[in-house]
Amino acid sequence: MPESSCRRLVKQHFEVHQTAVTMIAEAEYLSTGKAAIFEAREVIERFIDADPLFRDTLEPYREPADSHPLIRRMCDAGRAAEVGPMAAVAGAIAEFSVEAMRDMGSDHAIVDNGGDIALLLAEETNVGIYTLNPKFRGLGLHCHPSDAIVGICTSSGLIGPSISFGRAESATVVSKNVTLADACATRLGNLIASDDRHVIEEALDAVTSIQGIEGALVIVGDSIGVKGVLPDLVNVQFSEREVAGIRFSGQ
């Protein structure tokens, strides 16, 4: 749930089936970003039609050599994180959309796909981390401008529709590979079986040792764990309405 200011940015929320997206960019780039989301969904849906195992497996998947680059990206992320490729689907779609806007000339574009966020930043932006625990309510990350697209992706065993085998309220991973960040957030959440400090530390060690992962943060019970390089932790004020997710029924 990012916050942005200063330039003439437009925030737009839209939903298509299971995809609930909040986009922030200059108005001229939003149609490009939205079209890329539909394109990415079509690529993934066509591949699932050809092989439903791609959708269903919770294990790494070996894709055909002639697969679309988006499919290969998801499969690469799944192998690195030791999860199924669909664990990376939201981050992959967000990344694909921001790349499309960047290629059209945008230098500031954000796509929040249900808590898996791709950011290309020309100005400072805060990203809030949603938790039900009042002890950590308002926690966020302060992100600095960057020429590179950055992923901040979150999985939860208690909030939202994510498939997670753990107990974390929030398992957040940061990487310049958004698709990988999404897959690794799933892996991190799966590893958080309890709020035992040793369990948290082992899970953070496992995920931050994966090449391309910059840092990770876990909230479970009344405990928080952080490892690696993360944007600065700050207090972020946001309403429930700003939390990315399905808002409209029957669509």
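Laboratory data are not the source of any read-out in this text; all were calculated from the coordinates shown. This one's a predicted model, so the numbers in the text were calculated from it and none came from an experiment. All Cβ positions, even for glycine, are placed from backbone atoms using ideal geometry, and neighbour counts span all protein chains on display.
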So, in segment 2-241, how many Lys pairs have Cα atoms under 24 Å apart, if the pair is 8 or more places apart or on different chains? 5
Computed label-point distance, nm, for sites ARG8 and ARG79 using a 7 Å Cα→Cβ extension: 4.7 nm
Hey, how much of the P(r) for the chain falls beyond 25 Å, as a percent of Cα pairs? 37 percent
Picking from LEU119, LEU58, LEU180, which is most flexible by a Gaussian network model of the chain using Cα springs under 10 Å? LEU58
Helix-only mean residue ellipticity at 222 nm for the chain, each DSSP H run of n ≥ 4 adding -39500 (n - 2.57), per residue, nearest 500: -10500 deg cm²/dmol
Output the peptides 138-145, 10-17, 227-234 sorted from most to least packed, where packing is the average of other Cβ atoms within 10 Å over each peptide's residues. 138-145, 227-234, 10-17
What is the gain in length, in nm to one decimal, between VAL16 and LEU233 on full extension, counting 0.36 nm per residue of separation less the C-alpha to C-alpha distance? 74.9 nm
So how do 210-220, 33-43 stack up, highest first, on mean other-Cβ count within 10 Å? 210-220, 33-43
For every other residue with a beta carbon closer than 9 angstrom to the beta carbon of GLY225, add +1 if it is Lys or Arg and -1 if Asp or Glu, then tell me the sum. +1
Within the under-14-Å Cβ sphere about GLU202, not counting GLU202, Lys/Arg +1 and Asp/Glu -1 give a net charge of -1
